[in-house]
């Protein structure tokens, strides 16, 4: 287990984090290239907040506007109550951790951690005490005299974090800091980052394109696409109630479907497909016409025979198995519907029903009405 788990809740590394506020911020470059457009959000003091999205969506530019390496074309950036929009980077009480760590190769671990404090002219004794504390907290004391080239990727990442936190910033900015690590080490470091955040109370603003990483670490997540925020919410809400087609597809695996000519039956939309098949979704508006919905693969039940009985208030569709992919604890089954649409189902690999099916098997799928999330009219959802 990581030694970060033993950090006291009131570690002296801790310092009350500050809120970060974006007020109608846009960033464009010469030639009219708009990288960030009219972004409005606030990161609460002490929050772990992630900016999530594909490459080129504007998340790193947004982070760099907090650090001061980019200046907004319009709008304001505040740290706490202070407008820092035009403040020079060196005068902002924030620290940035890069993906490549940006450690000085000619310096020892201890000197790398002490660098910022020495630049500020801190007294030698206080500098020494702070560095010793930071090294101990990150399990680096025994490595203080080594150089970065003598360290593993995880150790270099801890040095970068120690160097950032030793300055006791009001916000820690992290630009895909785990991107260079292998999968197992990345997962270990995710746990360490979470524990570090809880022990220090510092505001974390985290940039990543990895949705699993964002869901694991964050209090809230802003999903960005083409310079705008598509949805800002806690991880569970983003996963279970995506606001747009983009969010539904980017956060995990999602089955997107359209209910054509749905009829209202009580509190549900029901789209009758014929042959006893139907799709059922909660009613969220009184509007008529097609409805865009999504259902997560783990919410769908796979029946090994196409004539299986299904409750009347559940969605039920028949199809043909086109693909079966074993993924260890789960198996992913793709089923093609008569409409040409495909549904992906995640089943536990030890499910005995899986033994009865193969490619070409005719099966029936079902799921409860409350497992269907309504996004809205198809045109509005695009």
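Quick notes on this structure:
- When the Cα atoms of the stretch 26-154 are aligned to their principal axes, the ranges along those axes come out at 50, 31, 28 Å in descending order.
- Listed from fewest to most Cβ neighbours within 10 Å, the set 279, 107, 189 follows the order 107, 189, 279.
- Distance (nanometres) between label positions extended 7 Å along Cα→Cβ at residue 183 and residue 129: 4.7 nm
- When each of 327, 371 is scored by the number of other beta-carbon atoms lying within 10 Å, the sequence from fewest to most is 327, 371.
- Extension gain, residue 368 to residue 111, is 86.6 nm, computed as 0.36 nm per intervening residue step minus the present C-alpha separation.
- Angle between the chain longest axis and helix 124-137 axis [Cα atoms, degrees, rounded to 10]: 30 degrees
- Taking 25 °C and 0.890 mPa s as conditions, the stretch 253-381 diffuses translationally at an estimated 164 µm²/s according to Stokes-Einstein applied to its Kirkwood radius (Cα pairs).
- Residues 106, 346, 34, ranked from the fewest to the most other C-beta atoms within 10 Å, line up as 106, 34, 346.
- In the elastic network of the chain, a GNM with C-alpha springs shorter than 10 Å, the most mobile of 177, 290, 235 is 290.
- Packing around the peptides 354-363, 45-54, 113-122, taken as the average count of other Cβ atoms within 10 Å per residue, puts them in this order, highest first: 45-54, 113-122, 354-363.
- Virtual paramagnetic centre 7 Å along Cα→Cβ of residue 87, amide N under 13 Å, in the stretch 140-178: 169-172
- Theoretical FRET efficiency, 1/(1+(r/R0)^6), r = Cβ-Cβ of residue 275 and residue 352, R0 22 Å, to 0.05: 0.25
- For the chain, built as a Gaussian network whose Cα springs stay under 10 Å, the top-fluctuating residue of 184, 150, 211: 184
- Antiparallel %, DSSP beta bridges [both residues in the chain], to 5: 75 percent
- Two-site FRET efficiency, residue 264 against residue 299, from Cβ-Cβ distance with R₀ of 35 Å, rounded to 0.05: 0.95
- Degrees, to the nearest 10: 153-165 long Cα axis against longest axis of the chain: 60 degrees
- Relative contact order of the stretch 253-381, pairs being alpha-carbon contacts under 8 Å that are 6 or more residues apart, as %: 31 percent
- Label-point gap, in nm, between residue 219 and residue 234 - each point 7 angstrom along Cα→Cβ: 1.2 nm
- With Cα atoms, 0 to 90° folded angle of helix 109-119 axis to the chain main axis: 70 degrees
- Rounded to the nearest 500, the 222 nm mean residue ellipticity of the chain from helices alone is -6500 deg cm²/dmol, with -39,500 (n - 2.57) taken per DSSP H run of at least 4 residues.
- Mean Cα-pair separation over length for the chain, i.e. relative contact order, pairs under 8 Å, 6 or more apart, %: 16 percent
- Computed from the C-alpha gyration tensor, the three semi-axes of the ellipsoid equivalent to the chain are 47, 25, 16 Å, from longest to shortest.
Values quoted throughout were computed directly from the atomic coordinates according to the rules given, and no laboratory measurement underlies them. Since this is a predicted model, take the numbers as computed values, not measurements. Heads up, the Cβs are rebuilt from the backbone with ideal geometry, glycines too, and the neighbour counts pull from every protein chain shown.
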